[in-house]
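Chemist: Questions regarding the structure given below will be posed in turn.
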Amino acid sequence: MARSIARAYVSAALIMANAAARLGGSARRERGRRSLTDDSFIQTVKECGEADGLSGRIQFKLDKDYKDVKTGYAAAIAARVADEAGCGTKPKRLFRPAGKHEAKHVAAGLDLWYTMDCGADDEELDAHAASLRASEKVREFLAKGDHKGIAVFEPQIVHKALAVEKDAYRSLQTHYDAINLDGAWEITTGDPTVTVQVLDSGLDPDHPDLQKHLWRNEAECQGEAGVDDDNNGFIDDCHGYNHADDTGTDLLGDGSHGTHCSGTIAADNMNDGIGVAGVAGGDGTEDGQGNALTGVRLMTSVGFGSTRTAGFSEGLVYGADNGAQVSSNSWGYKVANAYNQAILDAIDYYNDAGGFVVFAAGNSNSGGCFYPACYGEDEFHGAIGVAA
């Protein structure tokens with residue numbers, strides 16, 4: 001069961017990192033996976049397709065124990081799988097080669113994940129047609145008898161932003177009073193050694209209330225433009241990365257929701273006369289050079305981009321690889337009980353790195369199990385689902 005926390009999102013940003021150490025030493029385990037021909041999964045694929053719940057992309061993971069995978073022919077097998085799927089496109093790795101982090105990705109099996117377009121980028125197909133096509137292709141493929149070398153084969157589910165109401169000023173942030181945030185601030189207003197990743201629609205880098213709490217990847221901030229200066233697989237990721245549009249220089253993405261969430265977490269406190277108060281935005285003290293001495297740091301990851309919606313699983317892995325202890329995610333899926341295994345693998349990877357992954361449970365007043373917030377594998381692996 002996912003852990004549903006009624007009013008704890010704000011507290012989570014303050015206290016979760018203190019408990020991260022108990023996750024860091026946990027050994028990664030192999031989770032039991034659903035069968036490729038599981039009837040309930042195939043029915044869910046059909047329902048998602050009809051409900052415009054599929055993006056038009058397909059992703060699959062190769063079986064690490066298959067002989068040709070073990071002997072170095074993974075790319076060839078991926079090409080064969082893509083050809084048999086009949087989408088007419090070539091596969092590429094879902095998690096790009098990660099430079100200095102690649103050995104960890106290989107150990108976790110992330111290098112065995114591939115993705116391919118099956119209608120998402122076809123200009124002649126609308127969202128409904130792309131969803132139906134992906135559903136049809138997945139079901140046709142799974143109906144075939146030969147699945148040698150394949151561990152997972154699934155359509156990519158549409159990611160839905162779970163928007164919330166905006167608050168203009170601290171005096172209007174009455175929900176803070178309801179959870180006694182002032183009492184929490186007496187303990188801490190945010191630790192600058194804690195980095196919170198916000199995987200959403202991006203962040204306005206010029207917002208005056210966020211300037212003092214932006215995470216910095218110094219090798220990239222001080223490095224050469226167009227070069228992966230720190231060898232982490234991403235170029236120019238000074239404050240994070242836009243996984244949807246594949247750029248490190250434009251972190252604004254689509255809309256202001258990511259900026260709003262970032263402000264809730266770490267808008268500059270206190271009494272600065274600007275905007276709102278962040279949950280973990282510090283107490284306003286500086287070092288004399290304008291640098292905040294308190295408050296968490298914000299790492300920006302964009303899944304809702306200006307050109308497409310994509311990159312969520314890669315975004316989670318990026319946060320884990322680059323030192324974020326908490327990942328904040330205000331998105332989920334449209335259909336209850338539907339999930340992508342790639343996302344769950346990414347959450348597990350984050351947990352194994354010692355971090356917590358927080359998801360909004362949704363705004364639909366439903367008791368259904370909506371992933372990823374609903375995901376809970378064991379006491380060390382899963383999402384923290386937040387309800388209001």
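The values are calculated or read from the model by the stated rules, or taken from the named source; none is laboratory data. It should be emphasised that the depicted structure is a prediction, and the values quoted were computed from it without experimental measurement. Neighbour counts run over all protein chains shown; Cβ positions are idealised from the backbone, glycine included. SASA here: full protein model, heavy atoms, side chains in, ligands and nucleic acids out. Shrake-Rupley method; radii C 1.70, N 1.55, O 1.52, S 1.80 Å.
Chemist: Pull out all pairs, ordered by first then second residue, where Cβ-Cβ is under 8 Å, the residues are six or more apart or on different chains, the first lies in the stretch 272-295 and is more than 11 Å from LYS212 (Cβ to Cβ), and the second is modelled with pLDDT under 80 and among the β-branched types (Val, Ile, Thr).
Modeler: VAL279/VAL10
Chemist: Which ranges mark the helices (runs of 4 or more DSSP H) fully within the stretch 65-136 that have 2 or more residues being surrounded by fewer than 21 Cβ atoms within 10 Å (Cβ to Cβ) and under 25 Å from the mean Cα position of the chain (by Cα)?
Modeler: 102-108
Chemist: Can you name the residue in the stretch 146-190 that is over 28 Å from SER256 (Cα atoms) and either touching a Lys or Arg at 6+ places or on another chain (Cβ under 6 Å) or modelled with pLDDT under 75 (or both) and, of all such residues, is most open to solvent (accessible area, probe 1.4 Å)?
Modeler: ALA151
Chemist: State yes or no: is GLY253 farther than 19 Å from ALA320 by Cα and buried (at least 21 other Cβ atoms within 10 Å of the Cβ)?
Modeler: yes
Chemist: Which is under 20 Å from LEU251 (Cβ atoms), touching a Pro at 6+ places or on another chain (Cβ under 9 Å) and open to solvent by less than 30 Å² (accessible area, probe 1.4 Å), of ALA292, ALA324, ALA310?
Modeler: Going through ALA292, ALA324, ALA310 in turn, just one is under 20 Å from LEU251 (Cβ atoms), touching a Pro at 6+ places or on another chain (Cβ under 9 Å) and open to solvent by less than 30 Å² (accessible area, probe 1.4 Å): ALA292.
Chemist: Quick one: in the stretch 198-247, which of the residues that are under 21 Å from LEU293 (Cβ atoms) and open to solvent by less than 30 Å² (accessible area, probe 1.4 Å) is farthest from the chain's Cα centre (by Cα)?
Modeler: ASP209
Chemist: Within the stretch 328-382, restricting attention to residues that are open to solvent by 10 Å² or more (accessible area, probe 1.4 Å), assigned to a loop (DSSP other than H, G, I, E, B) and among the aliphatic types (A, V, I, L, M), which residue is nearest to LEU110 (Cα to Cα)?
Modeler: Ranking the candidates gives ALA353 first.
Chemist: Same structure again: Only one residue in ASP287, ASP268 is at pLDDT below 90, in contact with a Leu (Cβ under 8 Å, 6 or more places away or on another chain), closer than 17 Å to ASP206 by Cβ and acidic (Asp, Glu), so which one is that?
Modeler: ASP268
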